[in-house]
Structure formats: structure tokens, C-alpha cells
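So the structure is just underneath, and the comments pick up after that.
Readers should treat all values here as calculations from the given coordinates under stated rules, not as data from a laboratory. Source: prediction; values computed, not measured. Every residue, glycine as well, gets a Cβ built from its backbone with ideal geometry; the counts of neighbours run over all protein chains shown.
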Amino acid sequence: EPEVTQTPSHQVTQMGQEVILRCVPISNHLYFYWYRQILGQKVEFLVSFYNNEISEKSEIFDDQFSVERPDGSNFTLKIRSTKLEDSAMYFCASTGGAFGLGEQYFGPGTRLTVT
Amino acid sequence: SQQGEEDPQALSIQEGENATMNCSYKTSINNLQWYRQNSGRGLVHLILIRSNEREKHSGRLRVTLDTSKKSSSLLITASRAADTASYFCATDGGKSSGDKLTFGTGTRLAVRP
């Protein structure tokens, strides 16, 4: 069964460093998302991506964040200069369907720890 | 209350019993989805119910949706210890395509063997 994959599963970085989180969405899906979950809190939307551009972004997704689909399979989230408060689980998700109104499938997540 | 709030926050039941979790939301939706999350792990999609549906079944799961009350419930029948997890409802915002999901605070379910 197709699934969303994410790498790495755990990333430890120092404050101020750049990190790139990688995702491979389900192959025939067209809409891609990043969410995050700070420990013990709700899952929060960061950004959605369709047709090679950002569709929507949240207030969290400031200039330190960027997304890219560098090829036909990968979808990346870059944090330019990490802060302690960026420590969280980051989830990639994708959905297919003609209008993106179907199930959103999530990857297993990348746990980012900023020290 | 916020978009997508579940209650109860925590639920402890004996194996074999049924578990019911509720979710309320505030804005119009196209779909409501339920997810399971084991501690510190990923989100597993359980079921999607569309705004024009009232009830949906999948195995031991039964989901209802009442758009007039802006609420949904997830029933897990004949629970097992392996059902121990957090359960979240997630709603879209009613946009025509590719809409983001807003998650609730979740219900922590503990099933005692």
C-alpha cells in the first residue's frame, strides 16, 4: 500500500543551524502539506503546496521556512536558522483526487530537536 | 471553544468495552477525518466522512456527523489493548480544493487488558 515517507526520523541540530526535512508523498497525489506538533500540543498546519507553488501558509510559516519540490518525488521543508521553539515533530502529508478533497495521509514524522 | 475539540480528553476502559469520542467544530466543512496517534508516532488515517454523510463504518469503527450541531463522534466497538492511543478529529475549512486540516486537542484512550 502506498505511503508517505519522511527522512530523517530524528534530527538534532544547534540553534541557528539550517535543517532540511525530506518527504516523499504518495506518487499520484497532487497536494502536499507540512504540519508540526510541539510535544503535548495539537497538530498545527504550516503550509500547503500545489502545482509547484505554495497554496496557503500559516502564521508560523515565516521567512525562516521554505518548501520545495526539487524533483518529481521529493518535497522538502527547510528551516533557515533554527530556534529552540522549532523543536517539534514535523509531519508531511499528501492527498490526491481531482480537487484534493480526499483523505490526507501523513508520514511517520521527523522529530526535530534544537539545542 | 476552538475548531476541532474532542471530548473527553482522556478515557480509560476495559478491553471488550466500547469507546466513544466526540468532536465539535465551528466552521463549515467539506470533510471530517479521524486519526490515531500512538505515543510519539505518526498519524494514522482512520476514516473520512463527508459533510453530506451522516454515518460511516469501517471495521470496528463507526463515525457519525451532525452538521447542524457541528459535531462528530467516533465509536470503537469491542476495544482491544492495541487501540490504546490518542484519537484526533480534523476538519477542513470548506474550501473547494486542497484545504488544510485543523486538528482537535485529541482524546487519549487507554484500554486495560
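Given the C-alpha atoms of the protein assembly as shown, compute the convex hull and give its volume per residue in Å³.
Dividing the Cα hull volume of the protein assembly as shown by its residue count gives 124 Å³.
If you plug each phi of the stretch B:40-57 into the Karplus form 6.51 cos²θ - 1.76 cosθ + 1.60 with θ = phi - 60°, what whole-Hz ³J(HN,Hα) values come out, in order, with x for Gly and Pro?
Per-residue couplings from phi come out as x, 10, x, 9, 9, 6, 9, 6, 10, 10, 8, 5, 9, 9, 10, 8, 8, 10 Hz.
What is the mean number of Cβ atoms from other protein chains located within 10 Å of the Cβ atom of each residue in peptide A:37-44, rounded to a whole number?
Partner Cβ neighbours, averaged per residue: 4.
Once amide H atoms are built 1.01 Å from N in the peptide plane, which residues 5 or more positions from B:Leu46, or in another chain, come under 5 Å H to H?
B:Trp34, B:Tyr35, B:Arg36
Counting other Cβ atoms within 10 Å, keep those with at most 14, restrict to DSSP loop, and tell me which GluC sites (Glu not before Pro) in the stretch A:1-46 are left.
A:Glu3, A:Glu18
Pop a pseudo-label 7 angstrom from the Cα along the beta-carbon direction at both A:Gln14 and B:Ser51 and give the gap in nm to one decimal.
Roughly 5.1 nm, to one decimal.
Given C-alpha coordinates of the stretch A:5-110, what is the ratio Rg to Rh with the Kirkwood estimate of Rh?
Result: Rg/Rh = 0.94.
Set the bar at 30 Å for Cα to Cα. Now go through A:Lys83/B:Lys95; A:Lys57/B:Lys26; A:Lys83/B:Lys100; B:Lys69/B:Lys95; A:Lys78/B:Lys56 and name every pair that lies beyond it.
Going by Cα-Cα distance, A:Lys83/B:Lys95; A:Lys78/B:Lys56 fall outside the 30 Å limit.
What are the ³J(HN,Hα) values, in whole Hz, obtained from phi via the Karplus relation 6.51 cos²θ - 1.76 cosθ + 1.60 with θ = phi - 60°, for each residue of the stretch B:68-74 in sequence order, with x given for Gly and Pro?
Once θ is set to phi - 60°, the couplings for the stretch B:68-74 become 5, 9, 6, 8, 9, 10, 10 Hz.
For the stretch A:1-79, what is the relative contact order in percent, using Cα pairs closer than 8 Å and at least 6 residues apart in sequence?
Computed over the stretch A:1-79, the figure is 28 percent.
If one computes the Cα centroid of the stretch A:30-73 and of the stretch B:29-70, what distance in Å separates the two points?
Here the two parts' Cα centres lie 23 Å apart.
In whole Hz, with x marking every Gly and Pro, tabulate ³J(HN,Hα) for the stretch B:6-19 from phi via Karplus 6.51 cos²θ - 1.76 cosθ + 1.60, θ = phi - 60°.
9, 9, x, 6, 9, 9, 10, 9, 8, 3, x, 7, 8, 10
Which one of B:Gly40, B:Gly93, B:Gly16 has the biggest mean-square fluctuation once chain B is modelled by GNM with Cα springs under 10 Å?
B:Gly40
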